[in-house]
Amino acid sequence: MKCTIRVPSVSAESLVCDAEANAVQPNQSKQTPKSEKLLLRFRTSDSRLGVTRATVKRLAEELGLNETQVIHYALKQLATELLPAYEADDGALTTRELRAIQSAAGGRRGKSVRSSLFEDR
């Protein structure tokens, strides 16, 4: 059985106790810098803009994740849905730009190609 104990006097470092080995040792895992942490306050009831801790626990159980992973998963889904995957361009091409492209492409306008990568059967 393993447990994590937070000790305020040890500069926000964690201690890990191993009940089987009867030992307590400093946790060597990387700590998140304080500036990278965010306080999350759960709602007293589920709503359009928030959820209760019980809901997060149910999601964690359903997904086989821990509560932190559930929150990251939900935020990633929201980011994928709402944020553009690439930088916005300058909009539609102007008539002048279209003419320049057509001119550079040559006089093939309206002609079709009668070849195939596959043999006719």
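Each value in this text was obtained by applying a stated rule to the coordinates, not by laboratory testing. Small disclaimer: the values here were computed from a predicted structure and weren't measured.
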Extension reserve of the ASP89-ARG53 stretch, reckoned as 0.36 nm per residue once the Cα distance is removed: 8.8 nm
Karplus-derived 3J(HN,Hα), 6.51/-1.76/1.60, for each residue of the stretch 60-75, Hz, glycine and proline x: 4, 5, 5, 8, x, 10, 8, 4, 5, 5, 4, 5, 4, 4, 5, 5
Calculated Rg and Dmax of the stretch 44-83 using C-alpha coordinates, Å: 10.6, 29
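Need the full-extension length gain, LYS76 to GLU62, defined as separation in residues times 0.36 nm minus the C-alpha distance. One decimal, nm.
That pair, LYS76 and GLU62, stretches by 3.3 nm at full extension.
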Amide H within-cut-off set for GLY50, under 5 Å, with H built and near neighbours excluded: none
